[in-house]
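Trainee: Quick one: this structure, given as structure tokens, is what I'll be asking you about.
Each reported figure results from applying straightforward, stated rules to the coordinates on display, with no laboratory input. Quick caveat: nothing in here was measured; it's all calculated off a predicted structure. Every residue, glycine as well, gets a Cβ built from its backbone with ideal geometry; the counts of neighbours run over all protein chains shown.
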Amino acid sequence: MGPVLLGNFGAAMLLRVPIGFALAAASMLALVLLGGVPLTIGAQRIVAGITPFPLLAIPLFVLAGGIMNAGGMTARLLALADALVGRLRGGMAQTNVLASLMFGGLSGSAVADISSLGRVLIPAMKERNYRAAYAAAITASSSVVAPILPPSITLIVYGVVSGTSIGQLFFAGVVPAFLYIAVLMVVVHLTVRRRGLTREAVEASSDPSEVGKTPRDQVPKVLPSLYRALPALFLPVLVLGGIRGGVFTPTEAAAIAVVYSLLVGLLVYRELTVGRLKDAMAESALMVGLIMLVLAAAQLYSWALTLERVPQAAADAIFSLTTNPFVLLLLINVLLLVVGMFIEANAALIIITPILLPLAVELGVDPVHLGVIIVINLGIGLITPPVGICLLLSAEIAGSNVLNAVRAVAPFILAGIVVLLLVTYIPQISMWLPSVLGA
């Protein structure tokens, strides 16, 4: 059934069938063609794919992110980011990167990051004479931190599929996320003058060093901005601290995040109105529906692959090439990067994890470490053509030609690959914090 499954899915993707329907249709058609398995099993697997209790954290964290955006948290995080890095070279681009780090620690979704921050920051960057393609590229690239940083939806999905502790995965993602942001900020510093700013703006400026920076009189003060942003910044501390202390599970932490964001929006910032809350709930419901549709269909497809022992065949094929752990990890990364270019991240994760997990265990790779490697790979896929959903969304918001955005994002993809290789071959980067905290 393996070739039939892969062929059906490939044909559906070529016909531009949405990913969730493509996975479900490929699986059901394979069952019909080969027979021997009741079709009712397909319906059961789809339902079973979205019933595990830990997956309840996904709609709750998505809703919490929507409420935070509607309740004024996003604006205060942007102000704090601008106060901290707005006067650096490429200040608005640096603000974009740092704001993604802050918001990623609240939303857990790269698409949510772009949908909220991108609609504010991309127009602001264009007003400061940044090229539209560069604004799209930096917004898309910085959003990749959200799936790595807790409360990452992708890490939750991996934890459910692999049976790995979601709390450990959350802590394992913290250091790689900060490393990724640091590397991005270096790349911004190196590329902003040559790639990011219009030549006319640089030539017309009496002081070229000021081009692209936030004007001095518009830079928010650090301490007041920090004070106003503290309620928003406290949420990741509350979530991770509660999980580490054993006060609540990751799923319960998601529910607490919803309640906390409601209280802050209503009582602290006082910007959350009934209308804004309804809009946030509607947008969150739409995003959750899309995510769960893909997860349910991907679970059916993954079950069908496992039934036909495709994971074992793939592992045997890889081991037949080499048994060198260094080379095998490199091959795993290449495979994941290619898969991430064509398949939505959460669907790819569910399909690929049963294949790679036994292989990684055989190599002596910790499942938590593997989870971070997979998530970074699939995060890079979010900004890599031809699918690259985050890059396409950012280009649409910026009004940029997609090919120009692809050229502009190339240095940031390279930066992501550098971080990926560091995390892959230096396990302590991801495993240090969980080991120190005993998570």
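Trainee: Compute the distance from the alpha-carbon center of the range 242-313 to that of the range 59-87, in whole Å.
Mentor: Each part reduced to its Cα centre gives a spacing of 18 Å.
Trainee: Once the mean 1/r over all distinct Cα pairs of the range 13-92 is inverted, what Kirkwood radius in angstroms do you read off?
Mentor: Kirkwood radius, the range 13-92: 17.2 Å.
Trainee: If the chain between ILE417 and ALA124 were fully stretched, how many nm would it gain, using 0.36 nm times the residue separation less the Cα-Cα distance?
Mentor: Full-extension gain reported as 102.6 nm.
Trainee: Treat each spin label as a single point 7 Å out from the Cα along the C-beta direction, and report the LEU223 to ALA410 distance in nm.
Mentor: The two pseudo-label positions are separated by 4.7 nm.
Trainee: Another question, if that's okay. Given H placed on each backbone N at 1.01 Å, which residues far from LEU197 in sequence or on other chains put an amide H within less than 5 Å of it?
Mentor: Here ARG131 satisfy the definition.
Trainee: Using the per-residue mean of other Cβ atoms lying within 10 Å as a proxy for protection, in what order, highest first, do the peptides 394-400, 61-67, 77-83 fall?
Mentor: Ranked by mean Cβ neighbours within 10 Å, highest first: 61-67, 77-83, 394-400.
Trainee: Using the Karplus curve 6.51 cos²θ - 1.76 cosθ + 1.60 with θ = phi - 60°, work out ³J(HN,Hα) for each residue of the range 273-288 in order, rounded to whole Hz, and write x for Gly and Pro.
Mentor: 9, 4, x, 5, 5, 4, 4, 5, 5, 5, 5, 5, 4, 5, 5, 5
Trainee: Which of the peptides 222-235, 350-363, 380-393 is most tightly packed, and how do the rest follow, judged by the mean count of other Cβ atoms within 10 Å per residue?
Mentor: Going from most to least packed, we get 380-393, 350-363, 222-235.
Trainee: Can you give the net charge of the other residues whose Cβ lies under 15 Å from the Cβ of LEU331, counting K and R as +1 and D and E as -1?
Mentor: Taking every other residue near LEU331 into account, the sum is -2.
Trainee: For the pair PHE178 and GLU362, what calculated FRET efficiency results from E = 1/(1 + (r/R0)^6), where r is the Cβ-Cβ distance and R0 = 22 Å, to the nearest 0.05?
Mentor: That gives a FRET efficiency of 0.10.
Trainee: Where does helix 428-437 land angle-wise versus the long Cα axis of the chain, in degrees 0 to 90, nearest 10?
Mentor: 90 degrees
Trainee: I need the peptides 318-328, 288-298, 184-194, 129-139 ranked by packing, meaning the mean over residues of other C-beta atoms within 10 angstrom, with the highest value on top.
Mentor: Final packing ranking: 129-139, 288-298, 184-194, 318-328.
Trainee: Expected output is a single nm value to one decimal: the length gained when fully extending between HIS189 and LEU33, i.e. 0.36 nm times separation in residues minus the C-alpha distance. What is it?
Mentor: Gain on stretching HIS189 to LEU33: 50.6 nm.
Trainee: Now a separate question. MET281 label point, 7 Å along Cα→Cβ, cut-off 20 Å on backbone N: hits in the range 46-74?
Mentor: Once the point is set 7 Å along Cα→Cβ of MET281, 56-73 turn out to lie under 20 Å by backbone N, inside the range 46-74.
Trainee: Got the relative contact order for the chain handy, in percent, Cα pairs under 8 Å and 6 or more residues apart?
Mentor: 27 percent
Trainee: Moving on to the next point. Helix-only estimate, please: 222 nm mean residue ellipticity of the chain, summing -39500 (n - 2.57) across DSSP H runs of length 4 or more and dividing by its residues, to the nearest 500.
Mentor: Taking each H run of at least 4 residues, the total per residue is -24500 deg cm²/dmol.
Trainee: Of the residues LEU300, LEU39, LEU169, which exhibits the maximal mean-square fluctuation in a Gaussian network model of the chain defined by a 10 Å Cα contact cut-off?
Mentor: Among LEU300, LEU39, LEU169, the largest mean-square fluctuation in the Gaussian network model of the chain belongs to LEU39.
Trainee: Take every Cα-Cα pair in the range 84-204 and report what % of them are more than 24 Å apart.
Mentor: For the range 84-204, the share of Cα pairs beyond 24 Å comes to 30 percent.
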